[in-house]
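The next block holds one structure in the form of structure tokens; read it before the comments.
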Amino acid sequence: MNREDLKKEINTNITNSQRQPKPLRKLKKVNERPKTTVVLNEYRGLHESPSIDISIGDEEERQKRPSEQQIYHGLHEKSGAKSSTSENKQKSKRKKSKKDFIVKITSVMLSIAAIITLCLNMPILWYKKSGQPDERVSILTYFKRWQPTIEIEGELEAPNMELNVNTDIVSEEFNDGLDLPQLIEGQYTVLFLGFDEDVENTDVIWICQFDIPAAKLNILQVPRDCSMLYYTSNPTTKMNSVYAWGDPDITNIQRVVNCVQDCFGIPIDAYITTACFDIKNIVDLIGGIPMHLDNEIIYEADKIIPAGDVKLTGEQAEWFVRFRHEWLQGDIGRVQNQRRFMRAAMEKLKSISEDSRLKLYSYLNTIYKNKWIATNMSVEDLSKLADFGSVLEMENVSVDMVPGEDAEYTADGVTYSIYSIHKRATIDKLNENFRPYQTPMLMSDSNIVEFIEEGNYSYDLYDDMGMDFEELEHATEPLRDPDMKPGWKED
């Protein structure tokens, strides 16, 4: 058979097959087959097509099957449990988004903190202080140097006294580590003045010297009746009148500072002044002062502090430090009694500092804000001193009084009761306790005027009254004068 005949035969077969299709195989009816169900618990791989119900049964039978059977479950899943793959992915996304959010917020906060820190430390403000050149400082430095109450009393002038620094101790390398604006490295001296209700007479005069390397605080009490003949125009010549009656060409505070420096040879670095009614506010602010009183104190008929363990309120504290009527030694008795208050107040401040330094700083801020004190110290200086004082041991805090005795001074036919200073005993005490980094003071270095000459002293009872705060814990009240007891008071 040639190629053309073969081609014709193939075409003929194709045509016949198209015309006569091959019959299909006969299929059985569905309802004639036995009912079957697909076992859904068979394993199907992860990448298999979704499960499809291919059971060939009645519609009614398919509806009876639980809906769970139409959901694919792996071989190791519990029967009837839903697939958790999608849920895990959603949880993972939520955790990731929460973590990302926290990271972003933290980054933003750190960036803001860095910017604020940078701004606070940038030299963008001009700082001006009398006697010093202007300089550009940061906001943080400006706040540290801030003197919120300086306008009340003013700045101090440079001392006109010879400092007589002991160069054998205070060398160029000597540094006490406290970084305060000191006239003499190692010591920092604060003059504390407490006014009467008229804010005119300084009835409380304390010279508080911090010996920083030795971790000590030495306090010298100056009786208000000390005669300061060359420093006041008041006929009484008393020390408490120098503030109001001193040299009219200088500020009030400078009058007292000059008097102290010229007579006692102690350079004054800073001052703090307060009035009796401000003491009341300060004591109330810190929650009172716990004390033990041997006997009740009757300041006035309706102003009584009971005996025993008491917590002095601000009002009672004012009565306590001003009370003098019944003391046998008058104002000297009051000076002695003030020591007990001083120790109790320091104990309270130490407890506040140990409890919370932030609380102590907040109290200082409130005192500054309300101007309950006046000082030339900056916020930073006062904070440093507060920190230093809060860690002092009571045995390293001592208090003494200017030696002397009672005397009389007559001017224009009027006789005044004064306190005549024992000059040599005073200078010996100053050299021993209040000039740790200065050379010894000579008699000629002091402007103290004695009204009773050495050798004619009536007594030296007050020449040695020093004690530390540890001894003060058990100190009793000064002697009382029975004749000064109120007539209505029962024994």
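What the table below lists for this structure:
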| quantity | calculated |
| --- | --- |
| Above-threshold pairs, the threshold being 31 Å between Cα atoms, out of LYS350/LYS371; LYS238/LYS350; LYS216/LYS485 | LYS238/LYS350; LYS216/LYS485 |
| Rg/Rg_ref, region 141-207, where Rg_ref = 2.2 N^0.38 Å and atoms are Cα | 1.46 |
| Only Lys, Arg (+1) and Asp, Glu (-1) charged, at Cβ; region 380-480 dipole about Cα centre in debye | 300 debye |
| Cut-off under 5 Å, modelled amide H: who pairs with ASN201 long-range | ASP196 |
| In order through region 475-482: 3J(HN,Hα) via Karplus (6.51 cos²θ - 1.76 cosθ + 1.60), integer Hz, x for Gly, Pro | 6, 9, 5, x, 5, 10, 9, x |
| ³J(HN,Hα), Karplus 6.51/-1.76/1.60, whole Hz, each residue of region 429-444, x for Gly, Pro | 5, 5, 5, 6, 10, 10, 9, x, 10, 10, 6, x, 8, 9, 4, 6 |
| Descending semi-axes in whole angstrom, ellipsoid equivalent of region 341-491, from the Cα gyration tensor | 35, 24, 18 |
| Relative contact order (%) - region 158-484, alpha-carbon pairs under 8 angstrom, separation at least six | 21 percent |
| Net charge of Cβ neighbours under 12 Å - reference GLY314; Lys, Arg +1; Asp, Glu -1 | -2 |
| Long-range Cα-Cα pairs in region 366-449 (distance over 16 Å), rounded percent | 72 percent |
| Bins of 20 Å from zero: percent of alpha-carbon pairs in region 158-484 | 30, 62, 8, 0 |
| Burial order of peptide ranges 479-485, 416-422, 440-446, 384-390 (average beta-carbon count within 10 Å, highest first) | 416-422, 384-390, 440-446, 479-485 |
| Neighbour net charge for PRO235 - beta-carbon separation under 15 angstrom, K R +1, D E -1 | -2 |
| Cleavage-rule hits (GluC sites (Glu not before Pro)) in region 356-395: DSSP loop, at most 14 neighbouring Cβ within 10 angstrom | GLU393 |
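No value in this document is a laboratory result; all are computed from the given coordinates. Keep in mind the model is a prediction, meaning the values are calculated, not measured. Every residue, glycine among them, receives a Cβ derived from its backbone with ideal geometry; neighbour counts consider all protein chains shown.
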